[in-house]
Amino acid sequence: MLFLDNILSKIIIYFVEEAEPNGVLEVRRVFMIYASDFSKGRKIMYKNDPYEIVDFQHSLRGRGRGKVWAKMKNLRTGNVLEETFSSEDKFEEPDMESKNMQYLYEEADFYVFMDSETYEQHRFDKKSIGDRRWFLKEGETYHIILFEGNPLNIELPASFVLKVTETEPAVKGDTVSNVTKKATLETGLVVKVPLFIEAGEMVKVDTRTLEYISRA
């Protein structure tokens, strides 16, 4: 059984389910979002996957009806797609939350994290982590996005500080400012750095481009 309500242009569906085994009725609220209410950063369910609205544009048609073009990022795979919807199309709001978790260790095909509050351990499939693996440091705390109670994504800052573990020594007397060399960082990531950077130094790396920014 379900009930409908309208609040601030959102449709709220109340699902009434019978809980087992005590027969107590449990009410679960699901928020439905109109395409006309899209905004950058808003999250929706589409084809059984959670998406984030990256960009959007409205176009009006006759009798007040319109179309909404949207660029959306799949929060599970990272893939970006473009779709056009009717302004009256409705989408479920995904069941997502953010938690602080400590990265513990690598285990076979998984990275293991621990919830900082409950101490419950969660496993991330290595394939789902992608390039974010270059910023995993044991003992470091990260913001983890959970979808329906399961780890979905790792929120990283725009830059991350890592230690240089190996690089060629600086060449004395070389003053060319745009010349670079390769440096291996503590997580195994290899980046190009200026000639004056030496092993043991801390550097800032862009988490989106995996490029050196500056000394830390």
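The values are calculated or read from the model by the stated rules, or taken from the named source; none is laboratory data. Keep in mind that this is a model prediction, so the values were computed, not measured. As a convention, Cβ positions derive from the backbone with ideal geometry for all residues, glycine included, and neighbour counts pool all protein chains shown.
Give THR187, THR175 a once-over and let me know the one that is out of contact with any His (no Cβ under 6 Å at 6 or more places or on another chain), modelled with pLDDT of 95 or more and part of a loop (DSSP other than H, G, I, E, B). Lay out the reasoning, then the answer.
Numbers: THR175 fails: modelled with pLDDT of 95 or more.
Within the list THR187, THR175, the selection yields THR187.
Residues are listed down the side, and each one gets a yes or a no for (1) out of contact with any Asp or Glu (no Cβ under 7 Å at 6 or more places or on another chain); (2) modelled with pLDDT of 90 or more:
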site	(1), (2)
TYR46	yes, yes
GLY62	yes, no
VAL68	yes, yes
LYS71	no, yes
ARG76	no, no
LYS99	no, yes
GLU107	yes, yes
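Could you count how many residues in the range 119-143 are part of a loop (DSSP other than H, G, I, E, B) and either at pLDDT below 90 or touching a strand residue (DSSP E or B) at 6+ places or on another chain (Cβ under 9 Å) (or both)? Quick ask: steps written out before the conclusion?
Taking the range 119-143 as the starting set, the residues that turn out to be part of a loop (DSSP other than H, G, I, E, B) are 119-120, 136-140.
Those still in the list that are either at pLDDT below 90 or touching a strand residue (DSSP E or B) at 6+ places or on another chain (Cβ under 9 Å) (or both) too: 120, 136-140.
Selection size over the range 119-143: 6.
Restricting the search to the range 74-88, which residues are surrounded by fewer than 16 Cβ atoms within 10 Å (Cβ to Cβ) and either among the charged types (D, E, K, R) or outside any strand (DSSP E or B) (or both)?
Step one: of the range 74-88, the residues surrounded by fewer than 16 Cβ atoms within 10 Å (Cβ to Cβ) are 74, 76-84, 86, 88.
Across the range 74-88, the qualifying residues are ARG76, THR77, GLY78, ASN79, GLU82, GLU83, GLU88.
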